[in-house]
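Heads up: the structure comes next, in structure tokens.
Read-outs throughout are calculated quantities, based only on the coordinates presented, and are distinct from any laboratory measurement. Just so we're clear, the structure is a prediction, and the values are computed from it rather than from any experiment. Note that each Cβ is placed from the backbone with ideal geometry, even for glycine, and that neighbours are counted across all protein chains shown.
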Amino acid sequence: MVVKFMTFTLVGAIGTLVHYSILYALVEGFAFNPVWGSGYGALAGLIINYVLNYSLTFKSEQSHTQTLPKFALIATLGFCLNIVLMTLLTPHLYYLYAQVLTTGVVLIWNFLANSFWTFKNETS
């Protein structure tokens, strides 16, 4: 489980790098609106995270029609959790400290939800 969590974290970092790279390239290189640039970056990050987690972290043998909708739902719920926690924490903490705590909680949520639901191993 520790190795899976470390792999999941690394995959998340790669997805985040892709997200920010696309955002930067679209805004700075092509004068995109930052909101649209972020949206395209987030979509690319989601796809990268899904593909790498499917094949590397969880080594899933389930069909994509089973796993992709679940993965997207977990990511959406993680996004909502991020907003709620930041809303609750920022009145009491410096926003970057709040984001670090929130990121940790969301990371654990995403990992556990994907481990036990999205990519649940039916043989164990």
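Below are the figures for this structure:
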read-out	value
Rounded to 10°, Cα long-axis angle of helix 64-89 versus longest principal axis of the chain	40
Relative contact order computed over segment 2-118 (Cα-Cα under 8 Å; 6+ residues apart), in percent	25
Folded to 0 to 90 degrees: helix 2-24 orientation relative to the chain principal axis, Cα	40
Computed label-point distance, nm, for sites Ala25 and Ala44 using a 7 Å Cα→Cβ extension	0.4
Degrees, to the nearest 10: 95-113 long Cα axis against longest axis of the chain	20
Ranking of His92, His19 by count of other Cβ atoms within 10 Å, fewest first	His92, His19
Segment 24-124: chymotrypsin sites (Phe, Trp or Tyr not before Pro) falling in loop per DSSP and having at most 10 other Cβ within 10 Å	Tyr94
Virtual spin-label span in nm between Thr90 and Val105, 7 Å along Cα→Cβ	1.4
